[in-house]
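I'd like to ask you about the structure that follows.
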Amino acid sequence: MPNQFIMTQQEGPVAILRLNRPDVLNALNIPLMDELITNVEAYDQDPGVRCMIITGNERAFAAGADIKEMAEASVVDMYERNNLARWERIKRVRKPIIAAVSGFCLGGGCELAMHCDILIASETARFGQPEINIGVMPGAGGTQRLSKTVGKYRAMELILTGRMFTAAEAHAMGLVNRVVPVERYLDEAIAMAREIAERSPIAVRVAKEAVLRAFETGLSDGLDYERKLFYMLFATEDQKEGMKAFVEKRKAEYKGR
Ligand code: DAK
């Protein structure tokens with residue numbers, strides 16, 4: 001079925017997914033989320049793709065979940081929609097995802113960006129978890145991921161006041177990797193995605209898994225997990241190729257095996 005709310009584009013090993021409901025600042029309704037997930041999962045399976053970018057437009061990455069879709073919902077409606085299952089599927093993607101953020105990145109939009117692995121922001125990006133202003137609270141991991149990223153006290157202030165914060169603030173708090181002029185935020189994300197795509201795809205996926213494990217477990221278990229994955233990589237052709245290429249002073253050619 002053709003996409004309605006997601007535009008996709010592939011540049012070599014980099015897949016770009018653009019949220020596309022500009023009239024409502026890319027508010028994340030269920031059809032958009034379903035399309036996003038279908039496309040992300042397809043790219044995750046596609047051996048020609050090594051890194052993904054999720055982006056919006058200059059005015060908005062996404063201004064949150066679609067408030068109009070939720071406004072009249074009952075608790076049973078929310079339960080039956082089972083939205084969390086959708087977010088869980090994004091969490092399970094194994095290839096790296098970069099969020100290229102400009103404009104509003106609010107509520108579920110900010111949570112979507114935090115589901116990604118690296119955040120590149122334009123100077124005009126505005127982040128926030130404003131759910132408190134409409135009588136609710138973050139529901140797609142915001143209270144947990146923001147707290148783990150920026151610390152308890154900053155997260156409390158941002159979630160309890162719902163105020164927006166700038167890209168510079170987000171960078172200072174460690175939520176954003178780089179802030180660049182608005183003309184360059186997507187190019188910067190593509191450049192970084194290309195850099196990642198040159199590495200061994202299997203080592204990249206396994207390293208992502210190991211880093212994410214740090215958010216789920218204690219240090220000893222995490223170190224144990226890391227060690228096993230590290231040993232596992234010695235069963236790959238890419239490990240042999242990477243180390244051989246270093247010794248032979250040439251560029252490695254990784255196959256993801
Ligand atoms: N939902 C629906 N429509 C939205 C929207 C949103 N989140 N944000 C903006 N729009 C629409 C506006 O209604 C307006 O539509 P029309 O009136 O033209 O039809 C259009 O986009 C342009 O917006 P504005 O006219 O308001 O533009 P401004 O520049 O004046 O203001 C703004 C921009 C971003 C400050 C403002 O639009 C705003 O405050 N938007 C709402 C931001 C917000 O509260 N975001 C949080 C939503 S709650 C869950 C997982 C996640 C979530 C929930 C459940 N589960 C797993 C169960 C997440 C919840 C949320 O994100």
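Residue-wise test of (1) surrounded by 13 or more Cβ atoms within 10 Å (Cβ to Cβ); (2) more than 9 Å from the ligand (Cβ to nearest atom).
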| site | (1), (2) |
| --- | --- |
| 13 | yes, yes |
| 23 | no, no |
| 26 | yes, no |
| 36 | yes, yes |
| 50 | yes, yes |
| 75 | no, yes |
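For segment 199-257, how many residues meet the condition of being among the charged types (D, E, K, R) and surrounded by 15 or more Cβ atoms within 10 Å (Cβ to Cβ)? Steps first, please.
Here is the first cut: in segment 199-257, the residues among the charged types (D, E, K, R) are 199, 205, 208-209, 213, 216, 221, 224, 226-228, 237-238, 240-241, 244, 248-251, 253, 255, 257.
With the extra rule that they be surrounded by 15 or more Cβ atoms within 10 Å (Cβ to Cβ), the set shrinks to 199, 205, 208, 213, 226, 238, 241.
The number of residues fulfilling the criteria is 7.
Let me ask another. Give me a count of the residues in segment 101-159 that are in a helix (DSSP H, G or I), of a type in the set (Gly, Ala, Ser), under 17 Å from the mean Cα position of the chain (by Cα) and surrounded by fewer than 24 Cβ atoms within 10 Å (Cβ to Cβ). Steps first, please.
To start, the set of residues in segment 101-159 that are in a helix (DSSP H, G or I) comprises 108-115, 130-134, 142-150, 152-159.
If we keep only those that are of a type in the set (Gly, Ala, Ser) as well, we get 108-109, 113, 142, 147, 155.
Now narrow it down to the ones that are under 17 Å from the mean Cα position of the chain (by Cα): 108-109, 113, 142, 147.
The next check asks that each one be surrounded by fewer than 24 Cβ atoms within 10 Å (Cβ to Cβ); those that pass are 142, 147.
Going through segment 101-159 one residue at a time, the tally reaches 2.
Kindly indicate whether residue 18 is in contact (Cβ under 8 Å) with a residue 40 or more places away in the chain, in contact with a strand residue (DSSP E or B) (Cβ under 8 Å, 6 or more places away or on another chain) and charged (D, E, K, R).
Taking the combined requirement at face value, the residue does not satisfy it.
Also, I was wondering about something else. Going by what's in this entry, would residue 97 be described as at pLDDT 95 or above, within 30 Å of residue 211 (Cα to Cα) and away from the ligand (no atom under 16 Å from the Cβ)? Quick ask: steps written out before the conclusion?
On the way: at pLDDT 95 or above: yes; within 30 Å of residue 211 (Cα to Cα): yes; away from the ligand (no atom under 16 Å from the Cβ): yes.
Yes, satisfied.
While we're looking at this one, here's another question. Which residue, of 168, 193, is without any contact (Cβ under 8 Å) to a residue 60 or more places away in the chain and in contact with an Asp or Glu (Cβ under 9 Å, 6 or more places away or on another chain)? So that I can check it myself, show each step before the final result.
Working: 193 fails: without any contact (Cβ under 8 Å) to a residue 60 or more places away in the chain.
After ruling out the rest, the residue left standing is 168.
Examine segment 57-69 for a residue that is away from the ligand (no atom under 12 Å from the Cβ), assigned to a helix (DSSP H, G or I), open to solvent by less than 70 Å² (accessible area, probe 1.4 Å) and among the acidic types (Asp, Glu), and state whether such a residue exists. First the steps, then the outcome.
Kept after step one, since they are away from the ligand (no atom under 12 Å from the Cβ), are these residues of segment 57-69: 57-58.
Now drop any that are not assigned to a helix (DSSP H, G or I), which leaves none.
Checked segment 57-69: no residue is away from the ligand (no atom under 12 Å from the Cβ), assigned to a helix (DSSP H, G or I), open to solvent by less than 70 Å² (accessible area, probe 1.4 Å) and among the acidic types (Asp, Glu).
The values are calculated or read from the model by the stated rules, or taken from the named source; none is laboratory data. Please read all numbers here as calculations on a predicted model, not as lab measurements. With ideal geometry, Cβ positions are generated from the backbone for all residues, glycine too; neighbour counts draw on all protein chains shown. These accessible areas exclude ligands, DNA and RNA; they are computed on the full protein's heavy atoms, side chains included. Shrake-Rupley method; radii C 1.70, N 1.55, O 1.52, S 1.80 Å.
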